[in-house]
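Okay, so here's the structure we're looking at.
The values are calculated or read from the model by the stated rules, or taken from the named source; none is laboratory data. Just so you know, these numbers come straight off a predicted model, no measurement behind them. We place every Cβ from the backbone using ideal geometry, glycine too, and count neighbours over all the protein chains shown. Accessible surface is based on the protein model in full, side chains and every heavy atom, while ligands, DNA and RNA are left aside. Shrake-Rupley method; radii C 1.70, N 1.55, O 1.52, S 1.80 Å.
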Amino acid sequence: MRRVLRLALPVVTALVALPLTASPAAAAGSAAGLPRGVQKARVVRIVDGDTIEVRFGKSSRTVRVRLLGLDTPEYGRCWFDSATERARTLLPLGRTAYLLRDRDYKDHYGRRLFYVYNHRGLSVARNLIRYGYAKSLLYRKNDRYIRTMRLEEARARKKRLRIWSGRCDSSKDLVAPLPVEARTAGYAGPGWSPDPRFRTCKSALSAGFGPYERSVHPEYAWYHDADRDGLVCER
């Protein structure tokens, strides 16, 4: 019985604790829906699609973080630029990120190992895998969300998205026209590509997309902001 419970728990964790935008109750002052135990940090640099640099609290010390759960293309490989810019889109410089440890805290390069959520509580690794910018990766013993990551990879493979498309990213993939306000907000950039457009927010949410913020996400203009709070397709 003990063994059965041990096998079952990761499934529950994967399917419940790591939605694309993390689910209910977070600590005061944090994005909604973050899992317990997250640490708050500020993004200071995007190294590539799966490596960033952050600062904790008021410290001036920069800490290099290797994101858990995924692996993006290396420098010089197809989709490297797109994956890096997608990470930059999800984690704007100067904004808050929330970091969660698993079993191992450091890798052999001295990088800290964390699952990373952006300022809106979105799982960065899961987003990158879902849209074909990255593969799922079991990094040593850190297996807390590996089932969820593998499910997202299977969906991206089936749809032949980006790294699964059999081609390299092109100028068409790297550049997309955006409204001035979106460019100013730092959302735009090489590698940006919009989410699918749905008839209603309900449909978008059912498919795992949203929410969208005014002046940050171009998709915001597609939907009606009934309460005029600058956010549509809220969960």
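Structure shown: which of 135/158; 106/159; 106/135 lie over 23 Å apart, alpha-carbon to alpha-carbon? Before the final figure, lay out each step's value.
On the way: 135/158 13 Å; 106/159 34 Å; 106/135 21 Å.
In this structure, 106/159 lie more than 23 Å apart at Cα.
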Checklist entry - Got a number for the accessible area of residue 108? Probe 1.4 Å, square angstrom, nearest 10. => result 140 Å²
Next on the checklist: What whole-number distance in Å separates the alpha-carbon centres of region 72-104 and region 112-137?
Outcome noted: 8 Å
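Report the FRET efficiency, 1/(1 + (r/R0)^6), for residue 227 and residue 199, where r is their Cβ-Cβ distance and R0 is 22 Å, rounded to 0.05.
Values: r = 20 Å, r/R0 = 0.90.
Approximately 0.65, to the nearest 0.05.
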Checklist outcome for this item: Between residue 215 and residue 140, the two model label points (7 Å from Cα along the beta-carbon direction) sit apart by a distance in nm of 4.2 nm
Checklist entry - What are the ³J(HN,Hα) values, in whole Hz, obtained from phi via the Karplus relation 6.51 cos²θ - 1.76 cosθ + 1.60 with θ = phi - 60°, for each residue of region 228-234 in sequence order, with x given for Gly and Pro? => result 6, 9, x, 9, 10, 6, 6
Item to check | Order of exposure, largest accessible area first, which applies to 219, 153, 234 with probe 1.4 Å | outcome: 234, 153, 219
Checklist outcome for this item: With every protein chain in place, the accessible area of residue 96 for a 1.4 Å probe, in Å² rounded to the nearest 10, comes to 40 Å²
